[in-house]
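Nothing in this text is a laboratory measurement; each read-out follows from the coordinates by a stated rule. Since we're looking at a predicted model, the values are computed, not measured. Cβ coordinates were reconstructed from backbone atoms using ideal geometry, including for glycine residues, and neighbour counts include every protein chain displayed.
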Amino acid sequence: MQVRDAQFLVSNTDYQACPPPDKPEYAFIGRSNVGKSSLINMLTSRRKLAKTSSTPGKTQLINHFLIDGSWYLVDLPGYGWAKVGKRIRGGWQQMTADYLKFRPNLLCVFMLIDIRHKPVKNDLDFMAWLAQEQIPFALTFTKADKLSASQGALHVADYEKELQKTWAELPLRFVTSAEHSTGRDDLLSFIYQVNQD
Ligand code: GTP
Ligand code: MG
């Protein structure tokens with residue numbers, strides 16, 4: 001499964017200025033540095049389409065990418081980055097929340113979690129907020145190459161166990177590595193399926 005064409009379109013601070021909402025759209029959210037931009041590059045097989053950095057806080061705007069002329073991927077700023085001031089952080093949060101709430105063609109949000117991390121409050125709160133706003137999302141574990149396959153499976157199982165304490169039904173889950181292209185076919189198949197529905 002391959003993306004044929006991927007183009008960066010535009011960056012925005014306001015969801016109302018984003019490209020016309022006339023195509024299926026998928027966005028990536030999660031803590032700063034979790035690998036949102038890297039996952040977009042992995043899915044599109046383009047090394048430098050979305051800007052990545054080992055320093056958290058790289059992505060600061062709503063970035064639209066047009067894929068095969070027919071659907072959008074959207075890179076968003078991360079949350080939980082301590083170094084930015086409260087005022088800026090508040091602005092990013094409002095911008096991202098408004099985008100997620102009001103973008104009419106947003107079909108699914110990929111909620112990224114570093115596979116090595118245990119469930120933490122800001123991620124759990126964010127998922128609860130997505131559910132409350134009825135924004136469809138899929139849990140997406142990143143950086144699977146940092147653990148052995150068996151360790152990774154254990155971490156995912158622990159995470160699921162924690163979610164089951166409060167969630168009646170678990171969201172869809174993907175395990176990915178931008179480094180090894182793990183999970184690309186699963187994610188793209190899912191997207192193509194949703195595009196057709
Ligand atoms: P912000 O834009 O700051 O919110 O970060 P982000 O979530 O977009 O993360 P980004 O894609 O910029 O990646 C952060 C760091 O993690 C970079 O140094 C990446 O090379 C690294 N990284 C991302 N994905 C993977 C992965 O699957 N495996 C490994 N080993 N490193 C990864
Ligand atoms: Mg980024």
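Looking only at segment 9-38, filter to residues that are part of a helix (DSSP H, G or I) and more than 14 Å from ligand 2 (Cβ to nearest atom); which one of those is nearest to residue 182 (Cα to Cα)? Spell out how you get there, then give the answer.
Let us first name the residues in segment 9-38 that are part of a helix (DSSP H, G or I), namely 15-17, 36-38.
Pick out the ones that are also more than 14 Å from ligand 2 (Cβ to nearest atom) and you get 15-17.
Working: 15: 31, 16: 34, 17: 34 Å.
Looking at residues that are part of a helix (DSSP H, G or I) and more than 14 Å from ligand 2 (Cβ to nearest atom), I get 15.
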Notebook entry, point to check: If you take the residues of segment 100-146 that are touching a His at 6+ places or on another chain (Cβ under 9 Å) and buried (at least 18 other Cβ atoms within 10 Å of the Cβ), which of them is farthest from residue 187 (Cα to Cα)?
Noted result: 123
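So which of 130, 107, 170 is under 23 Å from residue 62 (Cα atoms) and without any contact (Cβ under 8 Å) to a residue 40 or more places away in the chain? Steps first, please.
Working: 107 fails: without any contact (Cβ under 8 Å) to a residue 40 or more places away in the chain; 170 fails: under 23 Å from residue 62 (Cα atoms).
So the residue among 130, 107, 170 that is under 23 Å from residue 62 (Cα atoms) and without any contact (Cβ under 8 Å) to a residue 40 or more places away in the chain is 130.
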Margin query: So the check is Cβ under 9 Å with 6+ separation or different chains; which pairs have a first residue in segment 154-165 that's at negative phi and a second one that's of a type in the set (Phe, Trp, Tyr)?
Written below: 155/141; 156/141; 159/141
Notebook entry, point to check: How many residues does segment 165-197 contain that are among the polar types (S, T, N, Q) and assigned to a helix (DSSP H, G or I)?
Noted result: 4
Next item on the list: Among the residues of segment 87-99, write down those that are without any contact (Cβ under 8 Å) to a residue 60 or more places away in the chain and either crowded, with 17+ Cβ neighbours inside 10 Å or farther than 22 Å from residue 11 by Cβ (or both).
Entry: 89, 92
Checklist line | Selection count where residues are near ligand 1 (Cβ under 7 Å from one of its atoms), buried (at least 22 other Cβ atoms within 10 Å of the Cβ) and at negative phi, scope segment 20-36 | finding: 2
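Please determine, by comparing only the residues of segment 58-77 that are part of a loop (DSSP other than H, G, I, E, B) and under 19 Å from residue 48 (Cβ atoms), which one is nearest to the chain's Cα centre (by Cα). Break it down into steps so the answer makes sense when it comes.
Looking only at segment 58-77, we keep the residues that are part of a loop (DSSP other than H, G, I, E, B), and these are 58-61, 68-70, 76-77.
Add one more test, that the residue is under 19 Å from residue 48 (Cβ atoms), and what stays is 58-61, 68, 76-77.
On the way: 58: 14, 59: 12, 60: 14, 61: 14, 68: 19, 76: 8, 77: 10 Å.
If we take residues in segment 58-77 being part of a loop (DSSP other than H, G, I, E, B) and under 19 Å from residue 48 (Cβ atoms), then 76 is nearest to the chain's Cα centre (by Cα).
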Margin query: For segment 39-68, give me each residue that is near ligand 2 (Cβ under 8 Å from one of its atoms) and buried (at least 18 other Cβ atoms within 10 Å of the Cβ).
Written below: 50, 52, 58, 59
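With the structure loaded, tell me whether residue 140 is within 16 Å of ligand 2 (Cβ to nearest atom) and either closer than 30 Å to residue 53 by Cβ or not in a helix (DSSP H, G or I) (or both) or whether it fails that test.
Details: within 16 Å of ligand 2 (Cβ to nearest atom): yes; either closer than 30 Å to residue 53 by Cβ or not in a helix (DSSP H, G or I) (or both): yes.
Criteria met by residue 140.
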Note to self: As an exercise: evaluate residue 12 against (1) away from ligand 1 (no atom under 16 Å from the Cβ); (2) within 17 Å of residue 61 (Cβ to Cβ) and give the number of the one condition it does not meet.
What the structure shows: (1)
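Any chance segment 41-56 includes a residue that's near ligand 1 (Cβ under 10 Å from one of its atoms), within 17 Å of residue 180 (Cβ to Cβ) and part of a loop (DSSP other than H, G, I, E, B)? Quick ask: steps written out before the conclusion?
The initial filter retains those residues of segment 41-56 that are near ligand 1 (Cβ under 10 Å from one of its atoms), namely 41-42, 50-56.
From what is left, the residues that are within 17 Å of residue 180 (Cβ to Cβ) are 41-42, 52.
Among the residues that remain, those that are also part of a loop (DSSP other than H, G, I, E, B) are: 52.
So far as segment 41-56 goes, yes, one or more of its residues are near ligand 1 (Cβ under 10 Å from one of its atoms), within 17 Å of residue 180 (Cβ to Cβ) and part of a loop (DSSP other than H, G, I, E, B).
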